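To start, the structure itself, in structure tokens.
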Amino acid sequence: MKVNFFIDRPVFSIVISVLIVIVGLIGLAMLPVDQYPQITPPVVKISASYPGASALTVSQAVATPIEQELNGTPGMLYMESNSSNSGSFSATVTFDISSDPDLAAVEIQNRIKLAESRLPAEVVQNGIEIEKQAASQLMTICLTSDDPKFDEIYLSNFATLNVLDLLRRIPGVGRVSNIGSRYYAMQIWVDPARLANYGLTVKDVQDALKDQNRESAAGVLGQQPVTGLDITIPITAQGRLSSASQFEEIVLRANADGSLIRLRDVARISLEAQSYNTESGINAGNAAVLGLYMLPGANAMEVAENVKKTMKEISANFPEGLEYEIPFDMTTYINESIHEVYKTLFEALFLVILVVFLSLQSWRATLIPAIAVPISLIGTFGVMLIFGFSLNTLTLLGLVLAIGTVVDDAIVVVENVDRIMNEEKLSAYEATKKAMNGLGSALIAMSLVLCAVFIPVSFLSGITGALYRQFTITIAVSVIISTIVALTMSPVMCAQFLKPKKEGEEERKNFIFRAINRWLAKGQTVYARIIRNFLAHSKRSFAAFGIGIVCIWAMAQIVPQSFLPQEDQGYFTVEFELPEGATLERTREVTDRAMAWLLDQPDVRYVLNVTGSSPRVGTNQARSQMTVIMKPWDERENPDLPAFMAKVTDEFSQYPESKVYL
């Protein structure tokens with residue numbers, strides 16, 4: 001199809017551009033918003049508990065059978081496991097980035113089933129948890145209260161019963177974790193001396209609990225083949241016990257003289273926390289901390305908004321004195337960074353149009369690239385949606401870079417039409433036809449060259465390829481759409497908008513345009529002189545080119561390298577590591593001292609702490625993690641976060657009883 005086809009059919013060309021814009025607007029409305037593309041490899045976490053066992057016992061009895069079965073899992077890159085003296089075992093299996101997280105979790109679950117026959121019965125009875133790890137935490141919600149009756153145990157259970165399930169139902173929410181949770185449980189504190197006096201063992205207590213604290217099918221009265229009855233009644237027997245007084249009445253042994261030994265005779269029973277190995281809080285106060293993770297591909301901004309609406313509805317039914325707050329919200333940083341990129345995008349578009357106007361010195365000529373460039377950028381959103389991309393920092397930066405590329409197509413068309421129209425004294429319609437006859441193949445070739453530069457990067461494997469695939473494809477797509485617009489819409493606008501210059505118009509231009517023209521003429525003269533010198537001294541030119549390549553290589557070796565730039569996201573984490581075997585009291589003392597220092601800093605807004613746990617090793621009384629959330633960027637006295645983190649490192653490194661990691 002010849003380019004003149006579109007010049008002679010302007011309505012058809014306009015319809016093509018309108019369709020591109022409509023598809024792009026649909027894509028813009030439906031594209032998910034996130035900070036970066038999904039680049040984190042799928043991770044599956046396995047958790048198990050062997051109460052009362054040491055780390056060595058857990059390693060031999062639990063870790064070894066599970067690890068032997070997990071080895072060789074399809075797509076697995078590596079596996080990390082940890083066994084602690086509290087009897088807990090955790091393992092994280094990292095898969096190749098191309099693996100399906102759901103299939104990976106199913107494969108792990110199948111292999112754990114194979115290992116169960118070799119595990120202690122207590123481990124299987126307590127349950128083995130298998131869950132997919134989310135890439136990053138979206139929000140943190142804290143339930144707090146100043147009322148002493150709402151202690152940490154109550155807050156944790158209230159969150160589990162009344163908040164967790166409602167949050168999990170929100171579309172886009174992948175997982176909600178009760179961090180440092182303390183659930184209610186019936187604690188039985190056995191007195192060994194009394195137990196020995198009665199000639200009983202712990203095994204006797206366990207057997208009595210299993211026998212008398214269970215649901216039982218008691219049967220039915222009047223069930224067939226009994227005859228002569230009018231009704232059938234199911235027998236209801238007392239099932240599981242629910243109060244401390246009921247547990248106290250459990251019979252451990254009946255003596256020959258008719259006396260009974262009950263559980264209260266050898267133990268103290270109370271309703272308490274299931275475990276005292278972890279503690280959570282915010283700003284040195286008790287709190288139930290809920291970590292909310294997003295599903296891959298979900299719209300972070302939409303999910304966060306729905307979570308806030310749901311929490312507002314749930315809080316209407318909170319008991320008096322119980323409140324919630326959201327100290328950590330990743331969408332705050334995402335929204336700020338996306339806003340900055342949008343601002344840069346519009347600034348770049350404005351500067352490009354301004355430069356075009358100052359160069360072409362005609363509002364009619366400027367109008368053509370001013371219309372063509374937004375069409376190319378908007379149309380790119382539609383293709384991004386088709387490819388499953390998201391609106392993130394990299395794709396938007398790709399569009400910023402693409403502005404300077406896509407504007408070239410429209411400028412080339414406009415300049416050639418304007419040149420032919422004024423040099424050969426042709427009408428805009430005829431000049432456009434003549435210009436496009438020689439430009440069509442050149443525009444296509446230019447686009448193919450640009451695509452040949454960017455598209456191969458998308459074929460890189462691993463995390464690097466996943467990270468930059470969206471960036472390069474976005475630029476390539478915008479260039480292709482720009483070429484389509486340059487071959488269809490731009491010639492139509494040239495034929496309709498451009499007018500030949502009138503006699504003496506060049507002399508009547510204002511002093512700004514005349515000064516720009518003089519600068520351009522001087523620049524063209526200098527450029528021509530440089531080219532002549534290069535051609536006259538070809539050997540020196542090649543030598544200078546080689547020296548330039550060497551200098552570029554040397555600078556590349558000097559410049560620091562990193563996977564992603566370090567950015568101020570408004571928070572950072574601090575992890576304390578005490579000597580192995582340290583008690584929770586010792587860890588709490590260090591954590592409280594560090595928290596008090598952090599809360600005295602003017603730029604710190606919240607400090608979340610989980611004492612007795614670490615994201616690297618799981619539950620461990622000798623570990624503690626704090627999440628330090630800074631004030632908004634415009635409210636800080638010192639906006640330099642790396643400098644503040646260095647100050648924190650210097651302060652906490654003076655603690656002799658622990659190591660610190662930021």
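The values are calculated or read from the model by the stated rules, or taken from the named source; none is laboratory data. Bear in mind that the values here come from a model prediction, so they are computed numbers and not experimental data. Glycine also receives a Cβ, built like all others from the backbone with ideal geometry; neighbour counts cover every protein chain displayed. Remember, those area values only see protein heavy atoms, side chains included, never the ligands or the DNA or RNA. Shrake-Rupley method; radii C 1.70, N 1.55, O 1.52, S 1.80 Å.
Condition first: closer than 15 Å to Asn197 by Cα and among the β-branched types (Val, Ile, Thr). Now tell me which residues in the range 242-270 satisfy that. Once the filter is applied, which keeps residues that are closer than 15 Å to Asn197 by Cα and among the β-branched types (Val, Ile, Thr), the range 242-270 yields Ile261, Val266. Just checking, does the range 144-152 include any residue being part of a helix (DSSP H, G or I) and under 29 Å from Tyr324 (Cβ atoms)? Yes; the residues of the range 144-152 include at least one that is part of a helix (DSSP H, G or I) and under 29 Å from Tyr324 (Cβ atoms).
Only residues that are outside any helix (DSSP H, G or I) and of a type in the set (D, E, K, R) were counted across the range 571-615, and they come to 6. Of all residues in the range 588-614, those being open to solvent by less than 10 Å² (accessible area, probe 1.4 Å), in contact (Cβ under 8 Å) with a residue 60 or more places away in the chain and hydroxyl-bearing (Ser, Thr, Tyr) number 1. Each residue in the range 276-290 was checked for being in contact with a Lys or Arg (Cβ under 9 Å, 6 or more places away or on another chain) and in a strand (DSSP E or B), and 3 of them qualify.
Within the range 450-468, can one find any residue that is more than 18 Å from Asn392 (Cα to Cα), assigned to a helix (DSSP H, G or I) and open to solvent by less than 20 Å² (accessible area, probe 1.4 Å)? Within the range 450-468, one or more residues are more than 18 Å from Asn392 (Cα to Cα), assigned to a helix (DSSP H, G or I) and open to solvent by less than 20 Å² (accessible area, probe 1.4 Å).
Within the range 531-568, being open to solvent by 80 Å² or more (accessible area, probe 1.4 Å), of a type in the set (A, V, I, L, M) and over 30 Å from Leu641 (Cα atoms) holds for Leu535, Ile547, Ile549, Val550, Ile552.
There is at least one residue in the range 91-98 that is out of contact with any Lys or Arg (no Cβ under 7 Å at 6 or more places or on another chain), hydroxyl-bearing (Ser, Thr, Tyr) and open to solvent by 30 Å² or more (accessible area, probe 1.4 Å). Against the definition (surrounded by fewer than 16 Cβ atoms within 10 Å (Cβ to Cβ) and under 30 Å from Val590 (Cα atoms)), how does Gly285 come out, yes or no? Considered against the rule, which asks whether it is surrounded by fewer than 16 Cβ atoms within 10 Å (Cβ to Cβ) and under 30 Å from Val590 (Cα atoms), Gly285 comes out as yes. Inside the range 291-311, residues that are at pLDDT 85 or above and in a helix (DSSP H, G or I) make up a count of 9. Which residues, taken from the range 568-590, are out of contact with any helix residue (DSSP H, G or I) (no Cβ under 8 Å at 6 or more places or on another chain) and closer than 20 Å to Gln137 by Cβ? Those that are out of contact with any helix residue (DSSP H, G or I) (no Cβ under 8 Å at 6 or more places or on another chain) and closer than 20 Å to Gln137 by Cβ: Tyr571, Thr573, Glu575.
The rows are residues; the columns are (1) under 51 Å from the mean Cα position of the chain (by Cα); (2) part of a helix (DSSP H, G or I); (3) over 24 Å from Val355 (Cβ atoms).
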position: Asn437; (1), (2), (3): yes, yes, yes
position: Ile480; (1), (2), (3): yes, yes, no
position: Leu520; (1), (2), (3): yes, yes, no
position: Arg529; (1), (2), (3): no, yes, yes
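Please go through the range 33-50 and pick out each residue that is at pLDDT below 80 and open to solvent by 50 Å² or more (accessible area, probe 1.4 Å). If the condition is that a residue be at pLDDT below 80 and open to solvent by 50 Å² or more (accessible area, probe 1.4 Å), then Gln38, Thr40 are the ones that fit. Going by the conditions given, is Thr627 among the hydroxyl-bearing types (Ser, Thr, Tyr), over 21 Å from the mean Cα position of the chain (by Cα), under 30 Å from Asn82 (Cα atoms) and open to solvent by less than 70 Å² (accessible area, probe 1.4 Å)? Here the answer is no, as Thr627 does not meet what is asked. You will find that of Leu360, Leu345, Leu391, Leu351, the residue that is within 30 Å of Ala486 (Cβ to Cβ), open to solvent by 60 Å² or more (accessible area, probe 1.4 Å) and either more than 18 Å from the chain's Cα centre (by Cα) or touching a residue at least 60 places away in the same chain (Cβ under 8 Å) (or both) is Leu351 and no other. Looking at Val417, Val477, just one residue is open to solvent by less than 40 Å² (accessible area, probe 1.4 Å) and in contact with a Cys (Cβ under 6 Å, 6 or more places away or on another chain), and that residue is Val417. Screening Arg168, Arg214 for residues that are in contact with a Lys or Arg (Cβ under 9 Å, 6 or more places away or on another chain), without any contact (Cβ under 8 Å) to a residue 24 or more places away in the chain and open to solvent by 70 Å² or more (accessible area, probe 1.4 Å) leaves exactly one candidate, Arg168. Scanning the range 244-275 for residues that are surrounded by 11 or more Cβ atoms within 10 Å (Cβ to Cβ) and part of a loop (DSSP other than H, G, I, E, B) yields Glu249, Ile250, Val266, Gln274, Ser275.
For the range 638-662: of the residues being assigned to a loop (DSSP other than H, G, I, E, B) and either polar (S, T, N, Q) or touching a Lys or Arg at 6+ places or on another chain (Cβ under 9 Å) (or both), which is farthest from Phe576 (Cα to Cα)? The qualifying residue farthest from Phe576 (Cα to Cα) is Asn638.
Residues in the range 30-74 that are farther than 17 Å from Ala105 by Cβ and among the β-branched types (Val, Ile, Thr): Val33, Ile39, Thr57, Val58, Val62, Thr64.
As a summary of the residue check, Ser84 satisfies the conditions (1) more than 29 Å from the chain's Cα centre (by Cα); (2) polar (S, T, N, Q); (3) open to solvent by 40 Å² or more (accessible area, probe 1.4 Å) except for the one numbered (3). For the range 199-206, the condition of being out of contact with any Ser or Thr (no Cβ under 7 Å at 6 or more places or on another chain), surrounded by fewer than 16 Cβ atoms within 10 Å (Cβ to Cβ) and β-branched (Val, Ile, Thr) holds for at least one residue.
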